[in-house]
Amino acid sequence: MVKVNENFLKLPGNYLFSEIAKKVKIFQEKHRESNLIRLGIGDVTLPIAPAVIEAMHKAVDEMGQKESFHGYAPDLGYEFLRNTIAKKVYGALGCEIFADEIFVSDGAKSDSGNIQEIFGVDNRIAVCDPVYPVYVDTNVMAGRAGEYSKETEQWSNVIYLPCSAENHFVPELPKETPDLIYLCFPNNPTGSAVTKDQLQVWVDYANKMGSVIIYDAAYEAYITEENVPHSIYECEGARTCAIELRSFSKNAGFTGVRLGYTVIPKDLVRGGVALHSLWARRHGTKYNGAPYIIQRAGEAVYTDEGQAQVKEQIAYYMRNAKVILEGLKSAGFSATGGVNAPYIWLKTPGSMTSWEFFDYLLEKANVVGTPGSGFGPGGEGYFRLTAFGTYENTVEAIERIKRL
Ligand SMILES: *Cc1c(COP(=O)(O)O)cnc(C)c1O
């Protein structure tokens, strides 16, 4: 008799987005004429930049010609894209990252979920609380998280790094020593960012303890402040302790197109083994590469034209972020984020829970957001609004919230 992977059965249902959809549907059935504004989405809404679309069209045509047809892509990605990333991303930041340390993929969600496979099952992970749920759930599936407690909403073998207003949503070093440390800055859901000095503390710690940092930089394009690093490799010593995950989803609107990459420096060695070689083996065995057409699209993001166009899109979202952040503050809310990230994280008023505030905002302002408690117990009492709506809707939503 076949046995299922029972680790999957340990996962509590993730009701966050289905519960939101259900509540919104009930509301809409009751109030047919209401003008609902959705600021809960974590997905881009602007269309893909023209320079990128042009490159995709060209690549599509190439696929239709015998001379320029492309079959399987190289395991680790086409050189034209890896060279472009090495030069235009890391070279521009002054980081020493080589093209053959870059593994092209279909996105940062799959990479952040899959990367744990190259580590032993008895490693202990540390995650921020609140957190992007993929990091935890994939470790649960692998049998690394221990048991779930309904009371604490925590896993017995996971080290939690609380992120709250007290520490400005930047975690402190843990008392227990983790093996794998997941960090995501600029952060989803809190919108917080770390300074280079703050990140250097983590790099030094990981090197000292022999831990590995998995650094999710999916939102680096939203950074507006000078002292906030775009890559963990801006920190000294990161080549010996950090893996970086990158995505084209939020910086170039590729959420429906799918492209990302993972960087593993060859100097990152644990137990005498270069992690680069394990991920190369894993990639070669389980993955056949992002499509040629999409890798050409990714290359076009880094042309002068492409850069100008995607920067304009990000500026559009960040103008929304400013409207939300300043509007909430002037309405008396305590709110953070929105300066280096498209997310604004606000404290619910009084003693309202995240879900009570969700209902209140839906009923009274017809605005949909995301309850912070959906990202872990540390998110209780907080609420996330996103800058991915239209400017007009964002302004209108904030006007309504101010009138509450
Ligand atoms: C959106 C997001 C990603 C990007 O995922 P893709 O699979 O590349 O679309 C990665 N990490 C976090 C925290 C995100 O919010």
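The values are calculated or read from the model by the stated rules, or taken from the named source; none is laboratory data. Treat the numbers as computed from the prediction; the structure is a model and nothing was measured. All Cβ positions, glycine included, derive from the backbone under ideal geometry; neighbour counts span all protein chains shown. Please note that ligands, DNA and RNA were not included when accessible areas were found on the heavy atoms of the full protein model with its side chains. Shrake-Rupley method; radii C 1.70, N 1.55, O 1.52, S 1.80 Å.
Which residues, taken from segment 259-272, are β-branched (Val, Ile, Thr) and open to solvent by less than 60 Å² (accessible area, probe 1.4 Å)?
Those that are β-branched (Val, Ile, Thr) and open to solvent by less than 60 Å² (accessible area, probe 1.4 Å): 262, 263, 264.
Give, as residue ranges, the helices (runs of 4 or more DSSP H) completely inside segment 61-141 that count at least 2 residues that are in contact with an Asp or Glu (Cβ under 8 Å, 6 or more places away or on another chain). Full working, then the answer.
Numbers: elements: 79-85, 108-114, 134-141.
Output list reads 79-85, 108-114.
Within segment 220-229, which residues are open to solvent by 10 Å² or more (accessible area, probe 1.4 Å) and within 15 Å of the ligand (Cβ to nearest atom)?
Matches in segment 220-229: 220, 221, 223.
Results for (1) under 29 Å from residue 240 (Cβ atoms); (2) open to solvent by 10 Å² or more (accessible area, probe 1.4 Å); (3) within 16 Å of the ligand (Cβ to nearest atom), shown as yes or no for each residue.
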{"residue": "137", "(1), (2), (3)": "yes, yes, yes"}
{"residue": "142", "(1), (2), (3)": "yes, yes, no"}
{"residue": "150", "(1), (2), (3)": "no, yes, no"}
{"residue": "153", "(1), (2), (3)": "no, yes, no"}
{"residue": "175", "(1), (2), (3)": "yes, yes, no"}
{"residue": "183", "(1), (2), (3)": "yes, no, yes"}
{"residue": "189", "(1), (2), (3)": "no, no, yes"}
{"residue": "196", "(1), (2), (3)": "yes, yes, no"}
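Is at least one residue of segment 56-66 at pLDDT 95 or above, within 23 Å of the chain's Cα centre (by Cα) and crowded, with 20+ Cβ neighbours inside 10 Å?
As a first pass, look at segment 56-66 and keep what is at pLDDT 95 or above: 56-66.
Remaining after also requiring within 23 Å of the chain's Cα centre (by Cα): none.
No, that holds for no residue.
Quick test for you: out of 123, 157, 114, 83, pick the one residue that is within 16 Å of the ligand (Cβ to nearest atom) and either surrounded by fewer than 19 Cβ atoms within 10 Å (Cβ to Cβ) or not hydroxyl-bearing (Ser, Thr, Tyr) (or both).
Details: 123 fails: within 16 Å of the ligand (Cβ to nearest atom); 157 fails: within 16 Å of the ligand (Cβ to nearest atom); 83 fails: within 16 Å of the ligand (Cβ to nearest atom).
Result: 114 is the single residue among 123, 157, 114, 83 that is within 16 Å of the ligand (Cβ to nearest atom) and either surrounded by fewer than 19 Cβ atoms within 10 Å (Cβ to Cβ) or not hydroxyl-bearing (Ser, Thr, Tyr) (or both).
Looking at segment 339-357, which of its residues are of a type in the set (Gly, Ala, Ser) and open to solvent by 10 Å² or more (accessible area, probe 1.4 Å)?
Kept after step one, since they are of a type in the set (Gly, Ala, Ser), are these residues of segment 339-357: 341, 350-351, 354.
Those that are of a type in the set (Gly, Ala, Ser) and open to solvent by 10 Å² or more (accessible area, probe 1.4 Å): 350, 351.
State which residue is farthest from the ligand (Cβ to nearest atom) when the search covers only segment 259-284 and only residues that are part of a loop (DSSP other than H, G, I, E, B), of a type outside the set (A, V, I, L, M, F, W, C) and in contact with a Ser or Thr (Cβ under 8 Å, 6 or more places away or on another chain). Let's see the steps before the verdict.
Step one: filter segment 259-284 for residues part of a loop (DSSP other than H, G, I, E, B), giving 259, 264-268, 271-272.
Of the ones still in play, those that are also of a type outside the set (A, V, I, L, M, F, W, C) are 265-267, 271-272.
Then keep just the ones that are in contact with a Ser or Thr (Cβ under 8 Å, 6 or more places away or on another chain); that gives 265, 267.
Numbers: 265: 20, 267: 25 Å.
So the residue we want is 267.
May I ask you to list the residues in segment 236-252 that are part of a loop (DSSP other than H, G, I, E, B) and surrounded by fewer than 24 Cβ atoms within 10 Å (Cβ to Cβ)?
Start the filter on segment 236-252 by keeping residues that are part of a loop (DSSP other than H, G, I, E, B), which leaves 236-237, 241, 248.
Passing the criteria: 236, 237.
Might you let me know whether segment 200-212 holds any residue that is within 16 Å of the ligand (Cβ to nearest atom) and either within 30 Å of residue 302 (Cα to Cα) or among the small types (Gly, Ala, Ser) (or both)?
No: zero hits.
Enumerate the helices (runs of 4 or more DSSP H) found wholly within segment 285-374, keeping only those where 3 or more residues are over 30 Å from residue 401 (Cβ atoms).
Values: elements: 292-301, 304-330, 354-365.
Result: 292-301, 304-330.
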